[in-house]
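Data block below; observations after.
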Amino acid sequence: MGTVKKERRRQIIKHLPLYIMMIPGLVYMAINNYLPLAGLQLAFKKFKYVLGIWESPWNGLKNFTYLFKTGDAWVIMRNTLGYNLVFILLGTLLAIMVAILLSEVPRKRLQQSYQTVILIPHLISYVIVSYIVYALLGESNGMVNNSIMKALGLSPVAWYTEAKYWPFIITLIHLWKTFGYSSIIYYATIVGIDKSFYEAAVMDGAGVWKQIRYITLPMLKPVIITLTLLAVGRIFYSDFGLFYQVPMNTGLLYNATNTIDTYVYRGLLETNDIGRASAAGFIQSILGFLLVLGTNTAVRMIEKEQALF
Amino acid sequence: MNISGKRIGIFANFVLAILSLSCVLPLILLVTSSLTAEGSLIKNGYAFIPEQWSLDAYRYLLYSHAQILRAYQMTILATFVGTLSNVTITTLLAYPLSRKSLPGRNFFSFAVFFTLLFNGGMVPSYLMWTQVFNIKDTFWALILPNLLMNGFGVIVMRTYFTTNIPGEIIEAARIDGAGETRTLISIVLPLSKPILSTIALLSGLAYWNDWLNGLYYLVKRTDFYTIQNLLNRLIASADFISNNAANSAILSGITVPSIGVRMAIAVIALIPIMILYPFLQKGFVKGIVIGGVKG
C-alpha cells in the first residue's frame, strides 16, 4: 500500500507542470459552469439584492406555485417544447434531404459552391437576421406587404401584431438558419460511405431511390441518432435571439414567442421578478438534465454504441 | 450514369439552387436597402431594386461619428482578446487531458463533459457575474461570461491530440530533456494547426456575433457596446443614434437616413465575415463535422 501511494505521489509531482497548465481552464470552468449550480437554490428563496444568494430567506415552493398560477408557465412550456419538437422533426428531414441531394450533384465544383452558400445563414447573428426579417415584414416598409401582398391583390398584414403567423415565421427562420449546418454533418457521413456498396447495388439493378433507401439512410442512422439525442437534451432550451430579437420583443406576440429563455430574461432584467424567473430556470436545468440522462439510457438499451456516454 | 441518375442530378441542382438563393437573397436585400434613398424607402418599402439609389447612409457613417466607430473597435478588440484567450485556455486544458499517464485524467475529463449536460441557467449566472465578480459595465462583460471556453472545444481538441500526436514523439522529446511546456510549444502545437485554427475560427465567430453579454451586462456604459449591441439597441429605439448625431456640423446638409443607416451598420458588421468566409470555409466545415459528430 505504502509503495502504491508513494508511486502515485511521484507521478503527480512528475506531472506537476501539466497540472499548472490546466489551472486557467479549470478555474474558468469552476466559475462559469460550477459556481452557478449553487445558485439553483434561488428557486426556493425569496431573493433580495441586499442579502445576496446565500443570505436571502427560504421561500418553500412559493416561486413555483406563483409561476404556475399565472398561466405563463403553460405558455412558455408549450412554446419551448412545441417549437423544439417541430424543429427536430422538420430540421432533420430537411437536413437529410439536402445532404442526399448534395451528394447527387454530379459536378464537384458545384457541390462545393452549394456547401459554401448554404452555410451563410449560420454565420449571421440573430440581430442581423432580425433586421432582414424586419425589412421583409415591417408593416409600412416591409417588402412582403409592399411588393408581394400587393402583387397578389391581398391587403397588407400587420405582421408584428398578429401572433397567429409567428409559429410559421419562427419555424421558417429557424430552418433557414440551421439547415446548412446540419446537412453538412450528414453530408460528411454520406461522403464517407464506401463507394463499392453503391456499385454493387447498381449491378443488382437498384435505382437511385433504392440506393438511398437501403444504403444511404441506414448508414446515416448513427448520426441521426446522435444529433437527435443532442437535440432532445436541449429541448427545454431555446435560442434567445430567435424568440426575443427576431419578433423584436413585441408584447402582442408573446403568446407565440415566449419561451423559458425569454421569460427568464424578462423576469431578470425587465420585470424584476427573480422568484418566478429562477423557478422557470430551475425547471429548465433539472428537467433538461434528467431528459439527457433518460434519452441516453434509452438509446443505450436499444443501440449500445450510439449512446453518448 | 443511367437516366434516373441524370434526372436526380438535375433535380438536385434545381432544389439546391433555390435553397442557395434563399440564403443569399436576404443579404442582398440588406445591402440594397442600405443603398436606397430614404425617400423611396418610405414610399416603396424595401426592395431589391430601389427606385432611387443613395450613398447617404454610408456617407453618414463615414462622417458621423465616434459612436459607430467606437462600437466597431470594441467588436474587433473583444473578438481579438476573446479568441486569443479562448484558444490559449482551451489548449492548456485539452493538452494535459490528452496525456494518458496523467493521474486524475478521467476525473477532470468528466468534469469538462459534465458542463455540457448540466448548467445552472441564466439567473444564477447573471447574479454571480454581477454580484460576486462585478463585471457589469466593464469591458470584461464582453469577454468572460460563457464565451471564454467551452467544454465542447476542450473535448474536441483533446480528441485531436490523442488521435493525431503519437505518444512516441512526446516520449522522445522528454528523453531529449524537453520540459512539458517546451514539448507543448515546439512539438505538439506545430502538429495541431488544423484544430487550433478550427477552434479559433469558431470562437472568433462567436465573439464577433455576440450581443447577449452586452445585453445582459452593459447597462450604463454604452460606450462598451459592440456593433451587434448597437444594432440591437437601434432596432428597439432608432433615435439612439440620431439624437447623438444631431449636433454634428458636417451633417447639417444631410437629412439623417435613419432606416438606411441601420441597414448600413448591419452591412458593415457583416462585411468582415463575408470577406473572410470563402477563405476559411474549409476550416468551418471541418469544425462543424468534428464538433457535430465526434463531440
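What follows draws every value from the coordinates through simple rules; no lab data is involved. Values in this document were obtained by computation on a predicted structure and should not be read as measured data. Reconstructed Cβ throughout: ideal geometry from the backbone, glycine too, with neighbour counts over all protein chains shown.
Residues A:Y198, A:Y237, B:Y160, A:Y263, ranked from the fewest to the most other C-beta atoms within 10 Å, line up as A:Y198, A:Y237, B:Y160, A:Y263. Ordered by the count of other Cβ atoms within 10 Å of each Cβ, fewest first, B:D137, B:D176 give B:D176, B:D137. Working from label points 7 Å from Cα in the Cα-to-Cβ sense, the A:A151 to A:R109 distance is 3.1 nm.
Within segment A:1-69, the trypsin sites (Lys or Arg not before Pro) that combine a DSSP coil assignment with at most 12 other C-beta atoms in a 10 angstrom radius are A:K48. Restricting the calculation to alpha carbons of the protein assembly as shown gives Rg and Dmax of 26.1, 88 angstrom.
Look at the stretch A:167-179: the mean tally of other chain Cβ atoms within 10 Å of its residues' Cβ atoms is 1.
Quick note on chain A: its Rg to Rh ratio, both from C-alpha atoms and Rh being the Kirkwood radius, is 1.07.
For the peptide A:110-118, the mean number of other protein chain Cβ atoms found within 10 angstrom of a residue's Cβ is 6. Between helix B:3-34 and chain B there is an angle of about 60 degrees, using the helix long axis and the longest principal axis of the Cα atoms. Sites listed here are GluC sites (Glu not before Pro) in segment A:207-309 whose DSSP assignment is loop and whose Cβ has at most 16 other Cβ atoms within 10 Å: A:E303.
For the pair B:F80 and A:L252, what calculated FRET efficiency results from E = 1/(1 + (r/R0)^6), where r is the Cβ-Cβ distance and R0 = 35 Å, to the nearest 0.05?
0.30
Mean partner shielding of peptide A:201-213, defined as the number of other chain Cβ atoms within 10 Å of each residue Cβ, is 2. Remark: spin-label model distance A:A298-A:T161 equals 4.3 nm, labels positioned 7 Å along the Cα→Cβ axis. Packing here is the average count of other Cβ atoms within 10 Å per residue, and on that basis the peptides B:116-123, A:139-146, highest first, run B:116-123, A:139-146.
Note on A:S147, B:S192, B:S101, A:S130: ascending count of other Cβ atoms within 10 Å places them as B:S101, A:S147, B:S192, A:S130, the fewest first. GNM on chain A, alpha-carbon springs under 10 angstrom: the most fluctuating residue among A:M248, A:M22, A:M97 is A:M22. In plain terms, if you count all Cα to Cα distances in segment B:65-236 and split them into 5 Å steps from zero, the share in each step is 1, 8, 15, 16, 16, 14, 10, 9, 6, 3, 1, 0, 0 percent.
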